[in-house]
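Let me begin by presenting the structure, written as structure tokens, before commenting on it.
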Amino acid sequence: MAGGLKAKARIMDKEALRRALVRIAHEIVERNRDLDQVAFVGIRRRGVPIAQRLARYIKEFEGQELPVGVLDITLYRDDLSRLSEQPRVNNTDVPFPIEGKHIVLCDDVLYTGRTVRAALDALVDLGRPQTVQLAVLVDRGHREIPIRADYVGKNVPTSRREVIECRLEEVDGVDEVWIMEQP
Ligand SMILES: O=P(O)(O)OC[C@H]1O[C@H](OP(=O)(O)OP(=O)(O)O)[C@H](O)[C@@H]1O
Ligand SMILES: O=c1cc[nH]c(=O)[nH]1
């Protein structure tokens, strides 16, 4: 649980989370007729299991295995100077050409949009995709730059004092989404 924050409400449980990602997987298939040109890129950390799960669902429905890469955007964040941690070693791992591909960029929460902006910077350093589409589990609003998601698991109106906490089995040992607030 995030330090100093109080749990306010659980807004998604394991089943709701599964249903949201299954729906997004179907939407991706519907929107991308040339599925063999689609690849996933997850933003570390929790965007990675989301990308892996979407690829797994598409394999189950369509029998098609799609590549999954990992983007570590720490060094691209425009608020890097405000982060308390030292910049981490860049753990980006996109082991396929993104040139001409339809890239589905995945993250858990979309808030100001600055993480996604940084991810776009990191992506274009790797090549020139045909399109970049954005999939997020939760869109909580409050954008500070003109970024929007193509696929949204759940739109959650929030106040700025609140924080959305996505917990995923692969990282946190449990699948659920909470609204947290300052005490
Ligand atoms: O739209 P933004 O304002 O950029 O916020 C969204 C980002 O914030 C969180 O990451 P955070 O930097 O908190 O690190 P984490 O992945 O360790 O949770 C979340 O995972 C998103 O990547
Ligand atoms: O509420 C928020 C905002 C940014 N990142 C999160 O994970 N939650």
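What follows draws every value from the coordinates through simple rules; no lab data is involved. Just so we're clear, the structure is a prediction, and the values are computed from it rather than from any experiment. Don't worry about glycine lacking a Cβ; one is built from the backbone with ideal geometry, like all the others, and counts go over all protein chains shown.
Determine how many Å³ per residue the convex hull of the Cα atoms of the range 18-134 encloses.
100 Å³
Take the chain, connect every pair of alpha-carbon atoms lying under 10 Å apart with a spring to form a Gaussian network, then pick out the residue of GLY47, GLY127, GLY173 with the largest mean-square fluctuation.
Among GLY47, GLY127, GLY173, the largest mean-square fluctuation in the Gaussian network model of the chain belongs to GLY173.
From zero outward in steps of 10 Å, how is the percent of C-alpha pairs of the range 125-169 spread across the bins?
That works out to 21, 45, 26, 8, in percent per bin.
What aspartates and glutamates could a cross-link reach from LYS14, if we take a straight Cα to Cα line under 16 Å and drop same-chain neighbours fewer than 8 places away?
Once the sequence-local aspartates and glutamates are set aside, what remains near LYS14 is ASP108, GLU165, GLU169, GLU170, ASP172, ASP175, GLU176.
With N set to the residue count of the range 1-83, report its C-alpha Rg divided by 2.2 N^0.38 Å to two decimal places.
So the range 1-83 has a normalised radius of gyration of 1.36.
Can you compute the helix-only [θ] at 222 nm over the chain? Use -39500 (n - 2.57) per DSSP H run of at least 4 residues, normalise by all residues, nearest 500 deg cm²/dmol.
Using -39500 (n - 2.57) per qualifying helix, the result is -8500 deg cm²/dmol.
Kindly work out what percent of the DSSP beta bridges joining two residues of the chain are antiparallel, to the nearest 5.
For the chain, the DSSP antiparallel bridge percentage is about 35.
How big is the charge dipole of the chain about its Cα centre, in debye rounded to the nearest 20, if each Lys and Arg gets +1 on its Cβ and each Asp and Glu gets -1 on its Cβ?
The dipole magnitude comes to about 540 debye.
Are there any GluC sites (Glu not before Pro) in the range 138-183 that are in a DSSP loop and have at most 11 other Cβ atoms within 10 Å? List them by number.
Here the GluC sites (Glu not before Pro) that fit, given the DSSP loop and packing criteria, are GLU144.
List the pairs from LYS6/LYS59; LYS101/LYS154; LYS59/LYS154; LYS6/LYS101 whose alpha-carbon separation is above 30 Å, in the order I gave them.
As for pairs spanning more than 30 Å Cα to Cα, those are LYS6/LYS59; LYS6/LYS101.
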